[in-house]
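Scroll down for the structure; my scribbles are underneath it.
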Amino acid sequence: DSGVTQTPKHLITATGQRVTLRCSPRSGDLSVYWYQQSLDQGLQFLIQYYNGEERAKGNILERFSAQQFPDLHSELNLSSLELGDSALYFCASSVLGFGGEQYFGPGTRLTVT
Amino acid sequence: DAKTTQPNSMESNEEEPVHLPCNHSTISGTDYIHWYRQLPSQGPEYVIHGLTSNVNNRMASLAIAEDRKSSTLILHRATLRDAAVYYCILNRASGGSQGNLIFGKGTKLSVKP
């Protein structure tokens, strides 16, 4: 158990819909990262927040957005969903905003039908 | 970020040592060498990281070449539970750098009983 929690575990929704994925980092970790893992693209970095502020952006689509709240939990919002958005979404946390080890949650499996 | 090169797959026998190689010829002075692994149906798991000196922890050892252009992750006695994809990642640890991890394809380790 990494100490990072993600909800829900599974999500099935239809194209065009909007969903919210939630992540609670390890106690004391200030940084949260979101990654997407699909069969054809592998593990890809989406976005990072550090202590409530956006710190880095990766291959995140404009239809996706995220935020980190004062209690440090984070939410990833995915809208206008397409079949290609079906993937595993992982959240990770770390103490610092750079370097050091990251601890990953169990992931949310999103299926868009 | 500098790139790493790993073999696509490796096989090992249970209870024997495993040496997983990684080449990173364009590594820069502030790049840490990180290893993560991903067991089937789980999120990535931090294994070990280092900068210049060899490192040991309860999971594995990391041997870093003197010129830092290559490294080897050593599992001292492979178990069936060690069957996973192992990722070697360079992560820059300086104040202005981003903390996100860039995952390649990794090495798929199979462990035979």
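The numbers here are math on the coordinates, done by the rules we state, and not lab data. Quick caveat: nothing in here was measured; it's all calculated off a predicted structure. As a convention, Cβ positions derive from the backbone with ideal geometry for all residues, glycine included, and neighbour counts pool all protein chains shown.
Couple of notes before you dig in:
- Relative contact order [Cα under 8 Å, 6+ residues apart], chain A, whole percent: 37
- Distance distribution P(r), chain B, all Cα-Cα pairs, bin width 5 angstrom from 0: 2, 13, 23, 25, 20, 10, 5, 1, 0, 0 percent.
- Per-residue ³J(HN,Hα) for the range B:38-48, Karplus 6.51 cos²θ - 1.76 cosθ + 1.60, θ = phi - 60°, Hz, x for Gly and Pro: 10, 6, x, 6, 10, x, x, 10, 5, 10, 6
- Cross-link check: pairs A:Lys9/B:Lys69; A:Lys57/B:Lys105; A:Lys9/B:Lys3 evaluated at a Cα-Cα cut-off of 30 Å; pairs beyond the cut-off: A:Lys9/B:Lys69; A:Lys9/B:Lys3.
- Per-selection Kirkwood Rh - chain A (Cα, Å, 1 d.p.): 13.9
- Coordinate range of the alpha-carbon atoms in the protein assembly as shown per principal axis, descending: 50, 42, 30 Å.
- In percent, rounded to a whole number, the relative contact order of the range B:1-102 is 34, using alpha-carbon pairs under 8 Å and six or more apart.
- Applying a DSSP loop filter and a limit of 15 other Cβ atoms within 10 Å to the trypsin sites (Lys or Arg not before Pro) in the range A:42-113 leaves A:Arg63.
- Reciprocal mean inverse distance between Cα atoms of the range A:65-111 - Kirkwood radius, Å: 12.5
- The range B:71-85 - phi-based ³J(HN,Hα) in whole Hz, Karplus 6.51/-1.76/1.60, Gly and Pro as x: 8, 9, 8, 10, 9, 6, 9, 5, 10, 4, 5, 7, 5, 5, 9
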